[in-house]
Amino acid sequence: MLLNLPKAVKPIGVWFLSGARAACIGVDVYPSHFASLLKECKSANTVHQIHQQIIASGLLSLPTPLLSVSLPALPSEPFISPRSLGTGVVASYLACGATDYALLVLERVTPSPAVWWNLLIREHIKQGRLDSAINVSCRMLRAGTRPDHFTLPHVLKACGELPSYRCGSAFHGLICCNGFESNVFICNALVAMYSRCGSLEEASMIFDEITQRGIDDVISWNSIVSAHVKSSNAWTALDLFSKMTLIVHEKPTNERSDIISIVNILPACGSLKAVPQTKEVHGNAIRNGTFPDVFVGNALIDAYAKCGLMENAVKVFNMMEFKDVVSWNAMVAGYSQSGNFEAAFELFKNMRKENTPLDVVTWTAVIAGYSQRGCSHEALNLFRQMIFSGSLPNCVTIISVLSACASLGAFSQGMEIHAYSLKNCLLTLDNDFGGEDEDLMVYNALIDMYSKCRSFKAARSIFDDIPLEERNVVTWTVMIGGHAQYGDSNDALKLFVEMISEPYGVAPNAYTISCILMACAHLAAIRIGKQIHAYVLRHHRYESSAYFVANCLIDMYSKCGDVDTARHVFDSMSQKSAISWTSMMTGYGMHGRGSEALDIFDKMRKAGFVPDDITFLVVLYACSHCGMVDQGLSYFDSMSADYGLTPRAEHYACAIDLLARSGRLDKAWKTVKDMPMEPTAVVWVALLSACRVHSNVELAEHALNKLVEMNAENDGSYTLISNIYATAGRWKDVARIRHLMKKSGIKKRPGCSWVQGQKGTASFFVGDRSHPLSPQIYALLESLIDRIKAMGYVPETNFALHDVDEEEKNNLLVEHSEKLALAYGLLTTSPGCPIRITKNLRVCGDCHSAFTYISKIVDHEIIVRDPSRFHHFKNGSCSCGGYW
């Protein structure tokens, strides 16, 4: 460049690399020469060198404007000639993208024109440096340059995109002080800024002032409509749009503004599933000629899909002259949202066959569709294909894939997705929570995945990494739900207390309530369940999902032993779903009230509900637990005969259980052999349990062998066969089974019972003497046993160890965990109140007999829950009627 300088500037060319030397010897240096050099600069480094020469030459202090200067323009922007050499340097730095150097020079130019500050601010915004853009505007003010009507919209845009309400409101004050409050462009920018900052009230106030002054335009209306749509005020947005169509047509507009208006309002129509309004907006687009536009077409497809009108969406899609990848994505997402996954997958396959570009939205829509449909393996396979294709997933993709991992319990794959998210910056590192909404969504999905994979240590670690003030209702719900479904329900209760505690209390939603009620049901914690029920009644936010919460309450009360309160909740429901009827039937079934369960079934059919296979499973379960053999078999036959339903293995298991419990083992065995499918473990367990009642050793051995072949045996199966051998007096086989369990590493779970007293819940194991009230407990038990023996109670010593004498067997029976829990309940429960005991194993036959006698001499109803049913002991009888 230096060799091509004109001859007139030869002195500069000779001494270019030493401007100081030129100044010292008095060589004439002209600003226009440096202006010519600046014009030719292609890099910031070259501009920097010339800048140094200009400084050394002392030319920046010259007041004379440059003559005949034509400096390079910013890319895609018209060039504005500088008034001084300083602004020429600024322009060259900006042209090369060196914004920091440009800022340093501009601060030293006096006076500095606002136009260069505007360009500098805009360049920072283009680069995504929003904080820097605001900082530049503040330095502009400190430099003494007054902002103009171009400066403020750019700065307000930066405030909104951050978002920073504090900075935005400060610039609002500056606008008022400088008389810009009547400038419609700046006012529109204020509306948009407040909207992005979540301050809809301020945005509405600015808009009202604009319309009162009569300076509003179509952009003003578009901004406020968009603000209400983003704030989920869809009906208000539709109302404003209607007014806009009546008012704005009298104001100057253009096609782009009309397109933005249509695209703004259609998401509101879709969110409300407002079919008439969607069609009206569609008609408006056709009348004003904006419908062929691809943006309008895409928005219409999305709105119709969300309204459930995929036929209309297909028509719009087919009428579009030009389709981009967003058009295809909208169709794929629409099919997925409507549940028509086959059509979505077919469209996706066609896109791949026709080599239509697939972006992250396309891949994500199909992956999410597979995940939501329960096709988790397909979702994971498609994610692998996405990675191999070179398409990078976003946060929504990661969330969908994590959901698939959670459904499968795929712990290893979930960890891989976690690592991928960290590696590709889709998630902030541990202990450095970013606070972004997308970050939190991925964190929540990870907590859910790890919880469902039963890795609670990892789930809790991620949960603890999220600051208390950043946790939202989903964060708490997935953590509580994980513990309630797959972990320790006591931890779920503790988390719920933390969730609603100040200072960062979060209001639970209906899903949180369902999870905590599930935890109460697992623990039989009826006292806490009632407190949750009262909480729901006090807070009206659950009215929209009242039947959903009510279903959970029915389940909780039933599993806590209070089926009558469950019925009260059921009867008070104004709207009942199939789940409501099924839950109530299940409750009656597990409490041995089969006639009430069948009565609910009849009422369900009269209410217009068609029973499905799950309903019949509940009916058969109720009949099985109540000895209603003939009715149960009749319902089993009517499944296929009257309703066209094919019984599954679970239905056969209930029918076999019905027959076997009633002593019809031969017919039960024939049913097993006639099953149209291979018998599952549930069938063999049902048969094995019945053999325990009827002491059929041969059939029990066959059932156990089948369970061993299926690798489905557990401590319960071995305990059953051991008890069957013991009852038959086959002690060598009992010893063989114990040796086999020891060799296989299978340990018998210790019996544990817990009971709710006035001072909380107390737990007991067999022979437990750790409780402070143990002396009183054992003394009371001894007294009770003596009293009921006088009434005819005979200890069933076959439920004790076989290798001890009879006296020791009697002592061991007294120490069973449910008897200890009963004694504690009698000591701590007010007279007349029911005593609720929960046991982790099936109730022992001797304890069942003892409780029946004890219920004659105590002023309490004794309610015992084991893994399969409830026993209500009262006045010398049990609700099971001896059928258990």
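The values are calculated or read from the model by the stated rules, or taken from the named source; none is laboratory data. Quick caveat, the model's predicted, so the values are computed rather than measured. Note: ideal-geometry Cβ built from the backbone for every residue, glycine included; neighbour counts use all protein chains shown. With ligands, DNA and RNA removed, areas are computed over all heavy atoms of the protein, side chains included. Shrake-Rupley method; radii C 1.70, N 1.55, O 1.52, S 1.80 Å.
Express the accessible area of the range 753-878 per residue in Å², computed with a 1.4 Å probe while the remaining protein chains stay in the model. So the range 753-878 comes to 44 Å² accessible per residue, rounded to a whole number.
A cut-off under 11 angstrom between Cβ atoms defines the neighbours of ALA330, and their net charge, with Lys, Arg +1 and Asp, Glu -1, is 0. Pairs over the 28 Å Cα-Cα cut-off, from the set LYS748/LYS856; LYS559/LYS874; LYS748/LYS874: LYS748/LYS856; LYS748/LYS874. Within straight-line reach of LYS673, meaning a Cα separation under 20 Å, sit the following aspartates and glutamates at least 8 residues removed in sequence or on another chain: ASP637, GLU650, ASP657, GLU698, GLU701, GLU709. Normalised by the number of residues in the range 566-607, the average gap of Cα pairs under 8 Å and 6 or more apart makes the relative contact order 33 percent. Between the amide H of CYS752 and those of ASN840, LEU841, distances stay under 5 Å, these residues lying 5 or more places away or on another chain, with hydrogens modeled in the peptide plane. Solvent-accessible area of TYR557, all protein chains in place: 10 Å² (probe radius 1.4 Å, heavy atoms, ligands and nucleic acids excluded). Classify the range 753-878 from the C-alpha gyration tensor, please: rounded if a/c falls under 1.5, else prolate or oblate depending on whether a/b exceeds b/c. In terms of gyration-tensor shape, rounded. Ranking PHE322, PHE870 by solvent-accessible area of protein heavy atoms (1.4 Å probe, all protein chains present), from largest to smallest, gives PHE322, PHE870. Accessible surface for the range 368-471, divided over its residues, is 49 Å² per residue with a 1.4 Å probe.
When all protein chains stay in place and ligands, DNA and RNA are ignored, the 1.4 Å accessible-area order of ARG692, ARG373, ARG139, largest first, is ARG373, ARG139, ARG692. Each Cα pair under 8 Å and six or more residues apart adds its separation to the average, and for the range 753-878 the resulting relative contact order is 28 percent.
Annotation: lysines with alpha-carbon distance below 20 angstrom to LYS606 (same-chain offsets under eight excluded): LYS576.
When the accessible area of the chain is computed with all protein chains present and a 1.4 Å probe, what percentage of it is carbon and sulfur? It is 53 percent, rounded to a whole number. Here the relative contact order of the range 302-426, from alpha carbon pairs under 8 Å that lie six or more residues apart, stands at 18 percent. Which of these values of Kirkwood radius over Cα pairs in Å was calculated from the structure shown: [x] 34.3; [y] 28.5; [z] 31.2? Recomputing Kirkwood radius over Cα pairs in Å here gives the entry labelled [x]. 3J(HN,Hα) couplings calculated from phi for the range 204-210 with the Karplus curve 6.51 cos²θ - 1.76 cosθ + 1.60 (θ = phi - 60°) are, in sequence order, 5, 5, 4, 4, 4, 5, 4 Hz; Gly and Pro show x. Once both axes come from the Cα atoms, what is the angle between helix 526-538 and the longest principal axis of the chain, in degrees from 0 to 90, rounded to 10? It is inclined by approximately 40 degrees. 3J(HN,Hα) along the range 162-168: 4, x, 9, 5, 4, 5, x Hz, from the Karplus curve 6.51 cos²θ - 1.76 cosθ + 1.60 with θ = phi - 60°, whole Hz, x for Gly and Pro. For a straight C-alpha distance cut-off of 29 angstrom, the lysines reachable from LYS742 (same-chain residues fewer than eight places away being disregarded) are LYS706, LYS732, LYS809, LYS819, LYS839. Accessible surface ranking for MET710, MET331, 1.4 angstrom probe, highest first: MET710, MET331. For the chain, with the dipole built from +1 on Lys and Arg beta-carbon atoms and -1 on Asp and Glu ones, taken about the Cα centre, which of VAL90, SER770, ASN381 lies farthest toward the positive end? Highest projection toward the positive end goes to VAL90. For every other residue with a beta carbon closer than 14 angstrom to the beta carbon of TYR588, add +1 if it is Lys or Arg and -1 if Asp or Glu, then tell me the sum. Taking every Cβ under 14 Å from that of TYR588, the sum is -2.
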